[in-house]
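Q: Before I ask anything, here is the structure I am working with.
The values are calculated or read from the model by the stated rules, or taken from the named source; none is laboratory data. In this text, all values refer to a predicted model and were calculated from it rather than measured experimentally. Please note: Cβ atoms are built from the backbone with ideal geometry, for glycine as well, and neighbour counts cover all protein chains shown. Note: accessible area is taken over every heavy atom of the protein model, side chains too, but ligands, DNA and RNA are not part of it. Shrake-Rupley method; radii C 1.70, N 1.55, O 1.52, S 1.80 Å.
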Amino acid sequence: MEIEAIIPQAGKQEMFLSSPADVAIYGGGAGSGKTFALLMEAFRNVNVPGYGAVIFRRSTPEITAQGGLWDEASSLYPFLGGKPVRSRPMRYYFPQYDTKITFTHLQSEDTLLSWHGAQIPFIGFDELQLFTEKQFWYMLSRNRSTCGVAPYVRATCNADSDSFLAGLLEWYIDQE
């Protein structure tokens, strides 16, 4: 099957993908294309030598569940030259550029220590409201780049007034 173009849906998906912000968060209901947009964004700079992307979910089953993040990636990345690597952590490798997009979890705050010293040009959080504030800010400190791509973070979320995200968004979003 040949694909002519992969383009974002008009509206929120397009706005998310065109944001120049260092951190952008895309919220919406189930089936609104948030995860697919996150996958498209992770691929944006895959042709830059030294580029790497990591997309986090809170737990591995959220990545590997039927219809989950890995299945979504598998519906897109093979058409773009990606080769699946199913070891832990799971990743798509793009041999024509020698770059990769990694999918992994941050199940507990102890998991953060494994990222000490990392330099990740693109960090994605799928369902940011499920992470802790400490996980978000710590990983933001790992958002660094030496490949020429300015480091940036993209996240998706569903409404959740009980997470740190509600306070974070309230601080950034004007009532008008």
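Q: Output the residue which, of all residues in the stretch 31-50 that are open to solvent by less than 40 Å² (accessible area, probe 1.4 Å) and charged (D, E, K, R), is nearest to A150 (Cα to Cα).
A: E41
Q: Select from the stretch 51-66 the residues that are part of a loop (DSSP other than H, G, I, E, B) and open to solvent by less than 50 Å² (accessible area, probe 1.4 Å) and write down the one among them that is farthest from T156 (Cα to Cα).
A: Checking each candidate, the answer is Y51.
Q: Looking at V149, V153, which one is over 19 Å from E62 (Cβ atoms), open to solvent by less than 50 Å² (accessible area, probe 1.4 Å) and modelled with pLDDT of 95 or more?
A: V149
Q: Also, quick follow-up: Does any residue of the stretch 19-33 turn out to be farther than 23 Å from R142 by Cβ and aromatic (F, W, Y)?
A: Looking for residues that are farther than 23 Å from R142 by Cβ and aromatic (F, W, Y), one finds none in the stretch 19-33, hence no.
Q: Here is a follow-up. Please go through the stretch 65-90 and pick out each residue that is in contact with a Pro (Cβ under 8 Å, 6 or more places away or on another chain) and closer than 21 Å to C147 by Cα.
A: Listed by number, the list holds a single entry, G81.
Q: Taking V46 as the residue in question, decide whether it is of a type in the set (A, V, I, L, M), out of contact with any Cys (no Cβ under 8 Å at 6 or more places or on another chain), assigned to a loop (DSSP other than H, G, I, E, B) and in contact (Cβ under 8 Å) with a residue 40 or more places away in the chain.
A: yes
Q: Of the conditions (1) open to solvent by less than 60 Å² (accessible area, probe 1.4 Å); (2) without any contact (Cβ under 8 Å) to a residue 24 or more places away in the chain, K83 clears all except one; give me its number.
A: (1)
Q: Quickly run through the stretch 69-108 and pick out the residues that are over 11 Å from G52 (Cα atoms) and among the acidic types (D, E).
A: Answer for the stretch 69-108, where residues must be over 11 Å from G52 (Cα atoms) and among the acidic types (D, E): D71, E72.
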